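Q: This is the structure, below, for whatever I ask next.
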Amino acid sequence: MKTTHRFVRHRLPLALSAFSAALTALTLPASALADYSWNFPPPVTPIARDTLNIHNEFMLIITGIFVVVFAIMAYSMFKHRKSVGHQPAKFTGPMGRLQWIWALVPFAILLFIDFVVMGIPAFHAVIEMEDTKTKADMVLKITGMQWKWQYEYPESGVKFISNMSTPRDQIANKEAKGENYLLEVDNEVVLPVDKKVRILLTSTDVIHTWWVPQFGVKRDAIPGFLRETWVRIEEPGVYRGQCAELCGKDHGFMPVVVRAVPEPEYAAWIEKKKAEQEAAAAGSDKTWSKDELLAKGKEVYEAQCSACHQPDGKGIPPAFPALSGSKIVLGPLLSPEGKLIRDSHVDRVLNGKEGTAMQAFKATLNDVELAAVITYERNALGNSKGDLIQPAQIKALR
Amino acid sequence: MSHATTAPHETHHDAHYPGGIMRWLTTTNHKDIGSMYLTFALIMFFVGGAMILAVRAELFQPGLQLMQPEFFNQLIGIHALVMIFAALMPAATGFANWQIPLMIGAPDMALPRINNWGFWLLPPAAILLTLPFLLAVFGIGDGALNTGWTMYAPLSVQGGIGVDFAIFSIHILGISSILGSINVIVTIFNLRAPGMTMMKLPIFCWGWLITAFLLIATIPVLAGAVTMLLTDRHFGTHFFNAAGGGDPILFQHLFWFFGHPEVYILLLPVWGLMPHVLATFSRKPMYGYKAQVYSFIAIGLLSVVVWAHHFFTAGLPVPALLYFMYSTMAISLPLAVLFFCWIATMWKGAMSFETPMLFAQGFIIMFGVAGLTGLVLADVAADAQYHHSYFVIAHFHYALFAGGIMGVMTGVYYWLPKWTGYMYDEKLGKLHFWLTVISFNLTFMPQFFLGLAGMPRRIPDYALQFTEFNAISTVGAMILGFSQLIFAWNIWKCARGHANGLAPAEGRAWEGATGLEWELSSPPPHHSWEVQPDLRQPGA
Amino acid sequence: MSLHPTPYAFDEAELARRRSASRRMAWLIGLAAALIYIGGFFLQR
Ligand code: HEM
Ligand SMILES: [Cu+2]
Ligand SMILES: [Cu+2]
């Protein structure tokens, strides 16, 4: 028993102080600790700045409460112990006016902290955060889908898909990991600085959550519904985040990369994108050779399909069926009249399959991409069906 | 407090047990059933722990080393369901079974057969939950529930047979919980010793009573939600499908209408037992009994009206955001009353620091971290950063591990001498305590920082800036996990106290212990209180 | 706390009475739970 008490006397204060040290660390400003992984990354929008301030203030408050309350408890643990011969008191509640004050004052302080010190700034922050419409300069529509983001600029009609670009070999530890491991994409979304961007969110399959920590914005993308939020980015730069709602197999590989640029640069980028898109649209009317289709198809397959059906087409049955030797893939292409056959290869790719991760790709891919990937799947991945489909035929099916 | 009449001694002890396995299958004795619940909970604690240690091992370094994302997603969800439904809840029910009759002066629970059924529903439910892992090995289906324990639609509509197994398992677990709750309620209402008014009811029983009411009110809602999920999956309904006029967010409302009270379902039994332990080892009566009872009731009521704070980012209307923010903050007030009473119970006592007391004090401090971080999580704006990040993982493990599991450990060490008749090994107990607190903080403190730096939860691989904290957390988790073997060993040793040469425990195993259960021998006789104690005459 | 157990403060008959009261109460609570469950299916949003 003696040893026990000594043990407690020496270790307990140690543990306690380590504890409060750790808690204090939560509240230190970023700069004090060399790198910022102790706190939120540097904010670049008004919301993120507010949020960081609120967070810092709250952390200070709760650390204060923590230290005071447990200092009292620690004092008691030192003084009121049997081993120092303290005689136990008998009270079971507040007795007399003074003790009632002792009991009620902390309660009143907490009430004040909750609803005034914390409650009022929180109120204003919520109102600001939810005000997506006032003086919005532009709209960005974001669609989450397993496991990539689609970005659309309704004013200019620009629309594209953004996939993670980290090579699978880095994930499998076969290759050294790059600086932006898992937080890099093929198509960055570009936004102008100092503009209020109203962001609309939805999803084609399950719930995803769009999150960029430096924007202080996190909002769900819900299938069948529109949700909104907004950002006003104050500094040019590249900002990275990722999906925050478990959305299936590759939830961890669904990054968000935003490049914020000055207005003129943004306008130029939009023009460039528009031109690219028009060129692609023109492609639907020309006749493509099989080799062209196969080359393009391989590209599309690797970006859109291989996450589930695997690069070799073997899939991960039963959730993700194999395409190599698949009855559907090796079935007929179109009806003799050039119409869609139900549950055929083309139907699956265009319209997806409800209740599974197989989505309707006609919503996200253009005619050329669809024709190319269908042709590729029929003539690669161990299949050699021999036939091909032209972008124009896809266009006719729309 | 020193003299008490010895309790009536065992008369027809061991009178009519069937032998072997039949004894356990058919027993209606509250102590046997309590022991089975506790044993089951301990086993499942290790099962759930093993799963998450595999997860932590995968997260030790960036890159995928040990498993593919599909399997990772199964482990995290089943870990949570196992820990909540198969470890923490059964442990609390085990306490209820053992202690409530002893504490209120009853011969047994009021409905002994229902009690037996309640327990025996658990093992099949646990098997259903985990069976898909095994089936997948034999090529049937694609493994267990892979949606996280929250099973959000439409991800869960998309999932494989693991989802169906989980749905059935949850139904069975729910029926078991409801049977257990009914038994607790009717036992407390009908079998209290003469003279034990509700305001003399031991506070542990009060905690459990509120838990039981919360279970009755919320489990059917969860069951309803997962039934709807089942019909959406297989029978063409569209409760959660926008294309058919449904709403995925409805699932979140229903789930969290259960899910938030569930947190208090897990914690109220622990808050109930804390004052007993603190009073015992402070050798001083508990402080603010009435205030605590009223706080329990207030928390119970508040808990069913704050659910939407779990999906602030889903895009709720502003008035709803404000309402759920302020109502959540309001919970801090009754909670503060409890903290005040716990500390005031120790204040000016004559404390000694046996293992249960160490766990109780560790509980208070670390549960304090959970409560305070919970308060900031209630802030809608800041929550946009915390939500679905590792900050939340850290927060609720301070609540559920440091609050729930360490609370259960407090109770186990406190009552083990009563249950087994032997004093457990104090040295091992202390070793267990110190390893647990230190490694617990090593595991979960870094996760707060990971969350702040922007690491989302439920990801099998992460960007390079999260490497160091993840490595620390994994080291902590391994120590934490393996330290629990000491706990199991200590219990085993104590249960076979005679063979291990442990000192027999007296009826009043702790010097400062008060309450009816300590008037009985250790272990108590077969029919706990064969002669009803009578509390009508005020004490001597 | 100090107490003096007086033999059979409530006797077998009393105990039996309380047990049957418990059973009645149990059915009621069970019914309430079932009603909540069924009620859930009529939720519209
Ligand atoms: C050895 C002790 C434990 C360790 C090391 C541990 C660790 C973890 C980790 C790292 C995660 C996050 C996985 C992820 O989202 O990527 C997690 C999730 C979770 N844990 Fe634990 N945990 C432990 C004990 C418990 C206990 C005792 C409970 C509850 C009684 C619990 C409840 C949960 C819940 C609810 C989740 C969320 C799962 C989900 O995302 O669906 N854990 N745990
Ligand atoms: Cu996701
Ligand atoms: Cu909650």
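Q: Taking the criterion of being assigned to a loop (DSSP other than H, G, I, E, B), hydrophobic (A, V, I, L, M, F, W, C) and open to solvent by less than 50 Å² (accessible area, probe 1.4 Å), would at least one residue in the range A:135-147 satisfy it?
A: Pass one, the range A:135-147, residues assigned to a loop (DSSP other than H, G, I, E, B): A:135-137, A:146-147.
Of the ones still in play, those that are also hydrophobic (A, V, I, L, M, F, W, C) are A:136, A:147.
Within this subset, residues satisfying the condition of being open to solvent by less than 50 Å² (accessible area, probe 1.4 Å) are A:136, A:147.
Taking every residue of the range A:135-147 in turn, at least one turns out to be assigned to a loop (DSSP other than H, G, I, E, B), hydrophobic (A, V, I, L, M, F, W, C) and open to solvent by less than 50 Å² (accessible area, probe 1.4 Å).
Q: Right, residue B:227: surrounded by fewer than 24 Cβ atoms within 10 Å (Cβ to Cβ), among the hydroxyl-bearing types (Ser, Thr, Tyr) and in contact (Cβ under 8 Å) with a residue 60 or more places away in the chain or not? So that I can check it myself, show each step before the final result.
A: On the way: surrounded by fewer than 24 Cβ atoms within 10 Å (Cβ to Cβ): yes; among the hydroxyl-bearing types (Ser, Thr, Tyr): yes; in contact (Cβ under 8 Å) with a residue 60 or more places away in the chain: yes.
Yes, satisfied.
Q: While we're here: Looking at A:319, A:282, A:267, can you tell me which residue is more than 16 Å from ligand 2 (Cβ to nearest atom) and within 14 Å of chain B (Cβ to nearest Cβ)?
A: Values: A:282 fails: within 14 Å of chain B (Cβ to nearest Cβ); A:267 fails: within 14 Å of chain B (Cβ to nearest Cβ).
Checking each option against the conditions leaves just A:319.
Q: While we're here: How many residues are open to solvent by less than 20 Å² (accessible area, probe 1.4 Å) and not in a loop (DSSP other than H, G, I, E, B) when one looks only at the range B:457-470?
A: Going through the range B:457-470 one residue at a time, the tally reaches 2.
Q: So residue A:205 clears everything in (1) within 16 Å of ligand 2 (Cβ to nearest atom); (2) of a type outside the set (Gly, Ala, Ser); (3) part of a loop (DSSP other than H, G, I, E, B); (4) open to solvent by less than 10 Å² (accessible area, probe 1.4 Å) except one condition, right? Which one?
A: Failing condition for residue A:205: (4).
Q: Would you point out which residue out of B:501, B:429 is modelled with pLDDT under 95 and more than 22 Å from residue B:78 (Cβ to Cβ)?
A: Details: B:429 fails: modelled with pLDDT under 95.
When all the criteria are applied, what remains is B:501.
Q: Confirm whether residue B:240 is within 16 Å of ligand 1 (Cβ to nearest atom) and within 14 Å of chain A (Cβ to nearest Cβ). Quick ask: steps written out before the conclusion?
A: Values: within 16 Å of ligand 1 (Cβ to nearest atom): no; within 14 Å of chain A (Cβ to nearest Cβ): yes.
Answer is no for this residue.
Q: Quick check on my filter: what residues within the range B:154-195 are within 14 Å of residue B:89 (Cα to Cα) and either open to solvent by 30 Å² or more (accessible area, probe 1.4 Å) or touching a strand residue (DSSP E or B) at 6+ places or on another chain (Cβ under 8 Å) (or both)?
A: B:172, B:175, B:179
Q: Any residue at all in the range B:504-514 that is farther than 17 Å from residue B:415 by Cβ and more than 8 Å from chain C (Cβ to nearest Cβ)?
A: Looking only at the range B:504-514, we keep the residues that are farther than 17 Å from residue B:415 by Cβ, and these are none.
No: zero hits.
Q: Output the number of residues of the range B:451-460 satisfying the condition of being under 20 Å from residue B:369 (Cα atoms) and either more than 8 Å from chain A (Cβ to nearest Cβ) or within 16 Å of ligand 2 (Cβ to nearest atom) (or both).
A: Of all residues in the range B:451-460, those under 20 Å from residue B:369 (Cα atoms) come to B:451-453, B:457.
Checking which are either more than 8 Å from chain A (Cβ to nearest Cβ) or within 16 Å of ligand 2 (Cβ to nearest atom) (or both) leaves us with B:451, B:457.
Of the residues in the range B:451-460, 2 are under 20 Å from residue B:369 (Cα atoms) and either more than 8 Å from chain A (Cβ to nearest Cβ) or within 16 Å of ligand 2 (Cβ to nearest atom) (or both).
The values are calculated or read from the model by the stated rules, or taken from the named source; none is laboratory data. Just so it is clear, the model here is predicted, and its values are computed rather than measured. Using ideal geometry, Cβ is built from the backbone for each residue, glycine included, and neighbour counts are taken over all protein chains shown. Heavy atoms of the whole protein, side chains included, go into the accessibility calculation; ligands, DNA and RNA do not. Shrake-Rupley method; radii C 1.70, N 1.55, O 1.52, S 1.80 Å.
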